[in-house]
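What follows is a short report on a single structure.
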Amino acid sequence: MIMYEKFKKILPLGLLKKYESKIRAFIALLYVGKSFSCNLCDFKMSRFIVLKNQNKLCPKCGSLGRSRRLWSEISSDLDHKTVLHFSPPKRLSKKIKASNCKTYVTSDYAGEFKALKSLNIENIEEPNNTYDLIICYHILEHINKDLKAMSELFRILKPGGKGYIQTPFKEGAIYENPDITTPEDRLEHFGQDDHVRIYSAEGLIERLQSVGFYTELLSFKEEENNHYGFQTTEKIIVVTKPE
């Protein structure tokens, strides 16, 4: 990761994006081994790159543990499905696109990820009952009108369809304050300068249920040095639209 950061400082952004895969392939040579694997790019390595927040990064494709975990959960449930993916990480997106899903639609409103569409999650320009599966990872904590966004997700999901939702979580109640508006204050209070709240899993589940979803909380605990570099503790909320 340190080496990649050096490339970021040296190369213009355009060149960095153009040659990112080649740069990562070069860096990955330093990590070749048999102890760990990435289930998104199938790279076998001696170790993951450990970030400051303890997330483990694949040195070859740049995937995070949460993306690798999500793939392990949805990979067997994509056949002939119509999928909508908000702000899709590059390697996970490539993996889903190569699956046997019927249609794969990607969206990124902020322009940070490569995507087919730029849908406003508070007012999604898609017909009712369109998608079998929706991935909404680390999105809702950025959204001011989160209940409106949840209602929109409910509207465009087909009856019986599923959604996989994750945000940063805390214990206790949801923490939000509409008076906290500056990037500096948001960083201090919510952990990132473009976040508008911190959810608890229970609080987010309550809001999702209030718009009509059935919910299931998946909780995971892993050994520190688990094979695929999953986070040691992680929660995913699976929502289902009643038939």
Next on the checklist: Report every pair of residues separated by at least 6 positions or lying on different chains whose Cβ atoms are under 9 Å apart, first residue within segment 38-52 and acidic (Asp, Glu), second open to solvent by less than 20 Å² (accessible area, probe 1.4 Å) and at pLDDT 95 or above.
Outcome noted: none
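Run down 180, 156, 139 and say which single residue is modelled with pLDDT of 95 or more, under 14 Å from residue 213 (Cβ atoms) and surrounded by 16 or more Cβ atoms within 10 Å (Cβ to Cβ).
Numbers: 180 fails: under 14 Å from residue 213 (Cβ atoms); 139 fails: under 14 Å from residue 213 (Cβ atoms).
Of 180, 156, 139, the one residue that is modelled with pLDDT of 95 or more, under 14 Å from residue 213 (Cβ atoms) and surrounded by 16 or more Cβ atoms within 10 Å (Cβ to Cβ) is 156.
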Checklist outcome for this item: Expected output for segment 158-178 (first residue under 10 Å from residue 201 (Cβ atoms) and polar (S, T, N, Q), partner open to solvent by 50 Å² or more (accessible area, probe 1.4 Å) and not in a strand (DSSP E or B), Cβ below 7 Å, 6+ apart or cross-chain) is 166/66
Item to check | Boolean, residue 190 is closer than 26 Å to residue 78 by Cβ and either open to solvent by 20 Å² or more (accessible area, probe 1.4 Å) or in contact with a helix residue (DSSP H, G or I) (Cβ under 9 Å, 6 or more places away or on another chain) (or both) | outcome: no
Checklist entry - Right, residue 79: assigned to a loop (DSSP other than H, G, I, E, B) and either open to solvent by 70 Å² or more (accessible area, probe 1.4 Å) or at pLDDT 95 or above (or both) or not? => result yes
Checklist entry - With respect to residue 62, is the statement that it is crowded, with 20+ Cβ neighbours inside 10 Å and either in a loop (DSSP other than H, G, I, E, B) or modelled with pLDDT under 90 (or both) true? => result yes
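Could you pull out the residue among 135, 121, 143 that is under 29 Å from residue 196 (Cα atoms), in contact (Cβ under 8 Å) with a residue 12 or more places away in the chain, of a type in the set (A, V, I, L, M) and touching a Pro at 6+ places or on another chain (Cβ under 9 Å)? Explain how you work it out, then say what you get.
Numbers: 121 fails: touching a Pro at 6+ places or on another chain (Cβ under 9 Å); 143 fails: touching a Pro at 6+ places or on another chain (Cβ under 9 Å).
Criteria check complete, one pass: 135.
Give the residues of segment 171-185 that are hydroxyl-bearing (Ser, Thr, Tyr) and in contact with a helix residue (DSSP H, G or I) (Cβ under 8 Å, 6 or more places away or on another chain), sorted by residue number. Break it down stepwise before answering.
From segment 171-185, those hydroxyl-bearing (Ser, Thr, Tyr) are 175, 181-182; that's our starting set.
Correct list: 175 only.
The values are calculated or read from the model by the stated rules, or taken from the named source; none is laboratory data. Every value quoted in this text rests on a predicted model; they were computed, and no experiment measured them. Cβ atoms come from the backbone with ideal geometry, glycine included; neighbour counts cover every protein chain shown. These area figures cover heavy atoms from the full protein model, side chains too; ligands, DNA and RNA do not enter into them. Shrake-Rupley method; radii C 1.70, N 1.55, O 1.52, S 1.80 Å.
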